[in-house]
Every structure is written in C-alpha cells, then in structure tokens.
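Chemist: After the structure tokens below, expect a handful of questions from me.
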Amino acid sequence: MSSRAKKGLPALLPVLRLLKNYKLRLLGASVALLFTAGATLSMGRGLQVLIDQGFGGGTSDDLRNAIILLVAIAAAMAFGTFVRFYLVSWLGERVSADIRKQVFDNIVRLHPGFFELNRSGEIMSRLTTDTTLLQTIIGSSFSMALRSSLTTVGALVLMFITNLKLSLIIAVGVPLVLLPILVFGRRVRKLSNQSQDSIASVGSYAGEVIQNIRVVQSYTREQFEADAFNREVERAFEIARRRIWQRSMLICGAIMLLFVGMSGMLWEGGQDVLSGRMSGGELGAFVFYAIMVGSGVATISEVWGDLQRAAGAAERLVELINTQSLIAAPEDPVNTPSSPQPQLRIDNVSFYYPTRPTQPALQEFSLDIEAGRSLALVGPSGAGKSTVFELLLRFYDPQQGRLLLDGIDVREMDLQRMREHIALVSQQPALFTGDVRYNIAYGKLDASDEEVIAAARAAHAHEFISALPDGYGSHLGEMGVRLSGGQRQRIALARAILNDPKILLLDEATSALDTESEHQVQLALQELMHNRTTVIIAHRLSTILHADKIAVLEGGRLIATGTHQQLLGDCPLYARLASLQFRDTDVSGEASSDPAGEHGLSAPG
C-alpha cells in the first residue's frame, strides 16, 4: 500500500468526524459522561460526611443520613453509566458500520490494477479486523479515556481544595507517570501497525491455500503449507508478544510511579491527622480523590496503547477510503451512443500494465470492429488478446491512443452506462456464493423467472439446473464449486444472454463443454451473435471458422486481418496455428473430423 501520511493519534480525526452525523446521541453520551464523572467525584464528599458526621456524629440518624447520601450518589453513578455505556457503544457500532460501507463502496469502484498491487487478504483484514478494532476503541476505550480524563482533572482540583500540601506531593508524581506513556506509547503504535499487517499476511496466506486446496492436495503439499502457515502465525505472535511487553511496561511504570507518590502523601496525611491539623474525613476524602487520580492515570496509560493501535487501523482504513481509481467517469460525460449495433475502433493504442511498465502489452495497435459483425482475435500466448478485452471494458486506459464507441472516446462517456452495453463470458467464468437464479440474473436483477429460465434454456443449462436438489434455488457454493467447469460456463453464458448486450465479448466461451453441449451452445451463440457486435478470443480455431473477420495478433501488434480462407494464404502465423489444430483434417476446416477442436491450443492471450 502507499505510504501513510498521518501518524499517531491525529490519524483518528477522520474517523471521529463521522460522529458528527449522530449529534443527538453524541450530545446525550457527552451529558451522561459529565453527569457520571460529577457523581463519581461527589463520592469523595460522601465519604467525608460518612466519616466525620456518620461515624463521628454519635447518633444513628447521622449514620443513616450519611449512608442514604452514599446510596443516592451510587444510584446516580449507575444511571449515568447505563446511559453513557449504551450511547457510546451504539456510536462505536454505528461508526464501524459506516466505515465498512465507505471502504467497500470505494473498493468496488477501484481500477483492477489496484488489486494487482495489493493482496486481497490484506484488504479483507482492513474491512474486518481494523474496523472491529475501531468499534472497540470508539465504543469502549475512547469513552474510558474521556471518563478517566474528566475524573482525574476533577479529582486533582478537589484534592487541591481539600489539602494543598498533600496535593503538591501527588502533583509531583503525575509528570513522572506521563513519561512512560510518552516513551512506550510510541513503541506500542509502531508494533501495533506491524501486528495488524502480520495478521493480514496470515489471513491472505490461508485464503490462498484454501482457494487452491485441490492443487495443494493433488501435489501432497499439505505438510509443506502447514509448516509455512505455522511460520507466518509464529511471526505474527512474536510481533504481538513484543507489543504486549511494551504495553505491560507502560502500565507497570505508570502505576508504580503514581502509588509511590501516594505512599508519601499517606505518610504526611497520617501525621496531620495524628496531630489534629486535619480530620479523618478530610483524609479519607483526599485518599479517595488520590485513588481516583491513580486509577484514572492507570486507565489512560492502558487505553493509550489501544488508542495507538486504533490510530494505526485508522491510517489504513482512511488510506483505502481516499484511494482514487485511475479509471473514473468524466465530470461532464457525453451521451452514450444509442445505436443497437455500435461500432468499435481501437485507434493507435499502446498499453503497458502497471505491474510491467517496461513491457508493452499492445504497441501502436489499431483495429476496426464493424457494427453488428463478429470479429475473432487469435494468436499465441501473450499476443495481447485478453488485453484488448481489458481495454474494451475500460478496466485500464491506454497510455497512448483511443478506444472509440461509435466515434466517441470511451473516456468521455459515463463509465457505468458504457459498461451496461457490454457482456463478458470469460474462459474461467466467475460465479458468486448464491443460488442459480441469482447468478444468472446478476446482470439484470429485475428479471422474471420466465426470463431466467429462457436464458438458461438458450445456454443449454436448464436441464442440469432442473436436476439440482433445489433447481434454480440451489446454492452453488464459493465460486460455484458445486458445479463442473462446463456447467459453470453455461451459467455464465445464460447470464450474458439474459443481459441482452449491444456488445458481446466471448473469451473461448465453449472451451469447457463436451461435444454435445458445445454444439447446442454454439447454436445459441449464433443466434445471440446475430446482428450483434461481437468480439471473440479464440484459442481453438474450430470455434471461429465462420466469424465475419479474424484478427491475428503477435507480440502486442496486429499483423493480419481477414477471413479464415484469406488468412490461410496471407498470414504464415495463422496458417501454422491452423496446421497444428487441424492435423487430421483439411486445414481449411471444411471437413474437420474434430468438430470440438480437441487438438486446439489452450494458451490464453
């Protein structure tokens, strides 16, 4: 991730500003906090009354009145604590939810290149672990820090009012307590950032292994991965251990220094009581205030570590919220062309992926895609076929050149409206953890059941869907793991059919189908492609013999265009690819005994 600009507690300010959206509850929590602090401080006066008038008064009435006063103060403290705890905890949960929404709302709009440079596990850790930490801080620790600060300041004032000499003794110890807070607090924050990053690394590693569990087990690497994960966990534990050690030293130092000062105060105060210069009630009240100061400072020193951890979490979350997508809609977009059969043109495009800034994916690339016609892209691995799709969907913008939709630069159009006209069926279709209907209707959420079923029939998927335990309500598992590769591909094809796009992008959409299913889907595709602007990435030439035009790519450059027959004679690279794929048949493809293209190339571009 990028470097973090804000360091320390100031990083919490953007998070705390979210509290302004809930001013009424924030005001109620503040009033309850002040009320509780006042009630707690008044307990010292109650103790003084109990000792001097209750115990020293000599009558049961005096004792009863003193005890009633203490009970009333305790009831006020309990009520104020109830209101404060509820409102502050509510604010913590609410702000945490708001941050999660803001982070995710920005993440789903970021350009794909961002996810090439940042691990998904780290992003998920920020969404879950960091926001949960902030919820705890705002809903608990921050409130404790404020309460302790108020009671500590109030107790110090009352101490000076009660006895100046003893207060000066305590006051000498307070700066000594702040010293370990400043020294160890900085170390705690640094280690907290490292701890959160290590937890994200553990989660990312585990997620990758689980996602590829079949590969791990097929190569019998279970123990290898377990050992590697153990090393990641132990590394995270070691960082956490060092953080806990620093926090423990902080708390220990603060408490020890403060109570050394209190011991000196008790000696002096005891001498004054014995000599009659102050009453036992005054000393009792003073001791109560001193204990409040001690516990308040101890609480602040303990919470300080939590606040430092929260600052680190806030830095990471605010960084995600403020990350700008490199692909954004213009401020004043032009109208998207309304023609039912749009024309596409790639005009002198040169493009480098962010992760490979010195290796061109496309070089001075120009290509016309005629309206309502089909164009196939062929070429060896790394030729740039998939890159063309990435640019057509505007997942990236080229460093040079333009992509035109009906003569308009796609960078001048509203991004969402432009993509609404395009449907992609990839070689490895992506399915969501939901039921069949949800996945088919993903591009058209308001589709009726009849429309969903019709799309499934057209994609030759209705038969196997009906055989599932709950039909169209059957859940597919993570990434559609409960379906075969061919079934997943037909679900994705049904999704594209239902979306009824103006532009259809097919990345070898029938590569995972058996011969019979491919034949049926090819018929559906021919109907879907009819009078529709279609671009096809072809790894198997048998699937694009009847495309209106074929473009041959190599090394990020366009080297030839034409029909299958034209390219056999004019393009040596295409002729070589065809000869490899049609070894047992006529290279022209007219009498192929391999209709499913079983000998085809499978390397993606």
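The values are calculated or read from the model by the stated rules, or taken from the named source; none is laboratory data. Model, not experiment: these values are computed from the prediction. FYI the Cβ positions are ideal-geometry reconstructions off the backbone, even for glycines, and counts take in every protein chain you see.
Yes/no per residue for (1) part of a helix (DSSP H, G or I); (2) in contact (Cβ under 8 Å) with a residue 24 or more places away in the chain; (3) not β-branched (Val, Ile, Thr):
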position: Ala39; (1), (2), (3): yes, yes, yes
position: Leu47; (1), (2), (3): yes, yes, yes
position: Ile51; (1), (2), (3): yes, yes, no
position: Ala66; (1), (2), (3): yes, no, yes
position: Leu69; (1), (2), (3): yes, no, yes
position: Ala72; (1), (2), (3): yes, no, yes
position: Arg94; (1), (2), (3): yes, yes, yes
position: Val103; (1), (2), (3): yes, yes, no
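Chemist: If Asp347 meets every condition in (1) over 30 Å from His530 (Cα atoms); (2) surrounded by fewer than 17 Cβ atoms within 10 Å (Cβ to Cβ); (3) of a type outside the set (Phe, Trp, Tyr); (4) touching a residue at least 40 places away in the same chain (Cβ under 8 Å) apart from one, which number is that one?
Modeler: (1)
Chemist: Right, here's the next one. Quick one: would you say Phe395 is among the aromatic types (Phe, Trp, Tyr), surrounded by fewer than 19 Cβ atoms within 10 Å (Cβ to Cβ) and within 30 Å of Ala361 (Cα to Cα)?
Modeler: yes
Chemist: Looking only at residues that are in contact with a Ser or Thr (Cβ under 8 Å, 6 or more places away or on another chain) and β-branched (Val, Ile, Thr) in the range 545-563, which one is farthest from Ile503 (Cα to Cα)?
Modeler: Val552
Chemist: Among what's in the range 577-594 and is under 27 Å from Glu370 (Cβ atoms) and exposed (fewer than 15 other Cβ atoms within 10 Å of the Cβ), pick the residue that is modelled with the lowest pLDDT.
Modeler: Of everything passing the filter in the range 577-594, Glu590 is modelled with the lowest pLDDT.
Chemist: Let me ask something else. Could you please give the count of residues in the range 469-497 that are surrounded by fewer than 22 Cβ atoms within 10 Å (Cβ to Cβ) and of a type in the set (A, V, I, L, M)?
Modeler: Of the residues in that region, 3 qualify.
Chemist: Under 9 Å between Cβ atoms, at least 6 apart or on separate chains: pull out the pairs that start in the range 267-278 with a residue that is surrounded by 11 or more Cβ atoms within 10 Å (Cβ to Cβ) and end on any residue that is assigned to a loop (DSSP other than H, G, I, E, B).
Modeler: Here the result reads Gly269/Asn163; Gly269/Met278; Gln271/Arg277; Asp272/Asn163; Asp272/Met278; Val273/Ser279; Met278/Asn163, each pair linking the range 267-278 to a residue that is assigned to a loop (DSSP other than H, G, I, E, B).
Chemist: Of all residues in the range 542-563, which are modelled with pLDDT under 85 and either closer than 26 Å to Asp406 by Cβ or more than 41 Å from the chain's Cα centre (by Cα) (or both)?
Modeler: Ser542, Ile544, Leu545, His546, Ala547
Chemist: Return the only residue of Phe464, Phe432 being among the aromatic types (Phe, Trp, Tyr) and modelled with pLDDT under 85.
Modeler: Phe432
Chemist: Additional query: If we scan the range 171-190, do we find a residue that is at pLDDT 70 or above and more than 30 Å from Tyr352 (Cα to Cα)?
Modeler: Here is the first cut: in the range 171-190, the residues at pLDDT 70 or above are none.
Looking through the range 171-190, none of the residues is at pLDDT 70 or above and more than 30 Å from Tyr352 (Cα to Cα).
Chemist: With Met479, Met529 as the choices, which residue is within 23 Å of Leu393 (Cα to Cα) and not assigned by TED's automatic domain parsing to the domain that holds Leu391?
Modeler: Values: Met529 fails: not assigned by TED's automatic domain parsing to the domain that holds Leu391.
Matching residue, one of Met479, Met529: Met479.
Chemist: Also: Criterion first (in contact (Cβ under 8 Å) with a residue 24 or more places away in the chain and either among the acidic types (Asp, Glu) or exposed (fewer than 14 other Cβ atoms within 10 Å of the Cβ) (or both)) does Glu463 satisfy it? Working first, answer last.
Modeler: On the way: in contact (Cβ under 8 Å) with a residue 24 or more places away in the chain: no; either among the acidic types (Asp, Glu) or exposed (fewer than 14 other Cβ atoms within 10 Å of the Cβ) (or both): yes.
No; evaluated as a whole, the condition is false for this residue.
Chemist: What do you reckon, is Ala371 at pLDDT below 90 and either touching a Lys or Arg at 6+ places or on another chain (Cβ under 8 Å) or closer than 29 Å to Asp500 by Cβ (or both)? Before the answer, list the steps.
Modeler: Details: at pLDDT below 90: yes; either touching a Lys or Arg at 6+ places or on another chain (Cβ under 8 Å) or closer than 29 Å to Asp500 by Cβ (or both): yes.
When the stated conditions are applied, Ala371 passes them.
Chemist: Determine whether the range 88-100 contains at least one residue that is closer than 30 Å to Pro398 by Cα and not polar (S, T, N, Q).
Modeler: At the first step, the residues of the range 88-100 found to be closer than 30 Å to Pro398 by Cα are none.
Within the range 88-100 (the criterion being closer than 30 Å to Pro398 by Cα and not polar (S, T, N, Q)), the answer is no, since none of the residues qualifies.
Chemist: Which one of the conditions (1) surrounded by 16 or more Cβ atoms within 10 Å (Cβ to Cβ); (2) charged (D, E, K, R); (3) in contact with an Asp or Glu (Cβ under 9 Å, 6 or more places away or on another chain); (4) at pLDDT 70 or above does Asp197 fail to meet, given that it meets all the rest?
Modeler: (4)
Chemist: Considering only residues that are among the hydrophobic types (A, V, I, L, M, F, W, C) and at pLDDT below 75, which ones fall in the range 482-535? Before you say what the answer is, go through the steps one by one.
Modeler: Taking the range 482-535 first, the residues among the hydrophobic types (A, V, I, L, M, F, W, C) are 483, 491-494, 496-498, 503-506, 509, 512-513, 521, 523-525, 528-529, 535.
Answer for the range 482-535, where residues must be among the hydrophobic types (A, V, I, L, M, F, W, C) and at pLDDT below 75: Ala509, Ala512, Leu513, Val521, Leu523, Ala524.
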